[in-house]
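Values in this text are rule-based calculations from the coordinates and carry no lab data. No experiment lies behind these values; they were computed from the predicted model shown. Cβ: placed from backbone, ideal geometry, glycine included. Neighbour counts: every protein chain shown.
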Amino acid sequence: MSDERQLMWAILARAALTAPRQVRSLISQVGPEQAAEMLTTRGTLIDIRSDLRDAARRDLDRSAASDGYLMTPDDPSWPARRLADLDTEHLDTTAPIALWTQGSSRVELFAHNTIGIVGARAATDYGRRVSAEIAGELADRGWTIASGGAFGVDAEAHRAALAHGGTTIAVLPTGLDRPHPHAHTDLFAEIAATGLLLSQYPPRTELARSQFLARNRLVAALSRAVVIPESGLLGGTRNTVRWATKLARPVFAVPGPIHSAASAGCHAMIRDGEAELITSTAQILDSLTPPADLTVGSSASPSSTC
């Protein structure tokens, strides 16, 4: 992709942080090239920063300085089928214009064999053990593990995938040069070595509460299903589950001790029909129908689909 084409997408991506629906509408009306030109030459069109082109160029330079890459709809690895679900009319959201990444950009990272595992940050020993077991067994079977890089369940899922020689994707709520949580800097470096770090936010973007919700939405959208090994009643996990439901992604929850507050969220999801009760990885796989691009009778494993 040419430098000018990459700059075009960086302009659109930065503008969409301020006015996502307007930018998406403009692209659909005039195409990305003209949309980027209009946004940088007609300041009254949408209320965005006047130095948009220069800001986008700085975003690209900062990303390149940390071995990052702006993944765009021009790339063969762009997860178009997954993200398209975020642009349906009944949802009050839009798909990201582009994604800032570090690590691999292989197409199979966004294939049908990606599964989200999220849950409690203050995970118990039980929650961590269950998270590692499910993530490790899925990795052994060729599934890519997507999560949010947070403490607790997320970190256990990422680490288990790595320990089993699998691939994992961490969706971050900040710019990739401002990783959150900072304590997971080494973990994020391990993930980038074989998998992918990604964010819809450009470099230098600091943490804000609303960005956690946007991260949860992306984890749900990029996953074929979402697994909750442990979750309390409060926290971002329920938000991820709501997004999964809106996007028609199956949700699986693991029950825990009946007196454990750390599992109360899982129990509520199961009781309210938001999640299917599972107690093993085999039950997850049994519940998932074969990917649409596998023909009847195909012996292909999950890792061979894309």
What is the helix-to-structure angle for 237-246, meaning the angle in degrees between its Cα long axis and the longest Cα principal axis of the chain, kept from 0 to 90 and rounded to the nearest 10?
-> 70 degrees
Using Cα atoms only, what is the angle between the long axis of helix 3-18 and the major principal axis of the chain, expressed in degrees (0 to 90) to the nearest 10?
-> 70 degrees
What distance in nm separates the simple spin-label points at A19 and D272, each placed 7 Å from Cα in the Cβ direction?
-> 3.6 nm
Could you work out the relative contact order of the chain, using alpha carbon pairs under 8 angstrom and six or more residues apart, expressed as a whole percent?
-> 16 percent
For labels at Q34 and R57 in the simple 7 Å Cα→Cβ model, what's the distance in nm?
-> 2.5 nm
Can you give the Rg to Rh ratio of the chain, both from alpha-carbon atoms, with Rh computed by the Kirkwood formula?
-> 0.98
Per the C-alpha gyration tensor (a ≥ b ≥ c, the square roots of its eigenvalues), the range 126-175 is rounded if a/c is under 1.5, else prolate if a/b beats b/c, else oblate; here it's oblate
So between E4 and A183, what do we pick up on full extension, going 0.36 nm a residue minus the alpha carbon distance?
-> 60.8 nm
Quick one: check the C-alpha center-to-center distance for the range 115-176 versus the range 221-281, whole angstrom.
-> 15 Å
Per the Cauchy relation, a quarter of the hull surface: what is the mean projected area of the convex hull of the alpha carbons in the range 107-289, in nm²?
-> 9.4 nm²
Taking the range 1-65, the whole-percent share of alpha-carbon pairs separated by over 17 angstrom is 32 percent
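For the range 153-242, rounded, prolate or oblate, judged on the Cα gyration tensor with a ≥ b ≥ c (square roots of eigenvalues), a/c < 1.5 rounded, else prolate if a/b > b/c? Numbers along the way, then the final one.
Numbers: a/c = 1.61, a/b = 1.04, b/c = 1.55.
The shape class here is oblate.
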Sum of -39500 (n - 2.57) over DSSP H runs of 4+, divided by residues of the chain (222 nm, nearest 500) = -13000 deg cm²/dmol
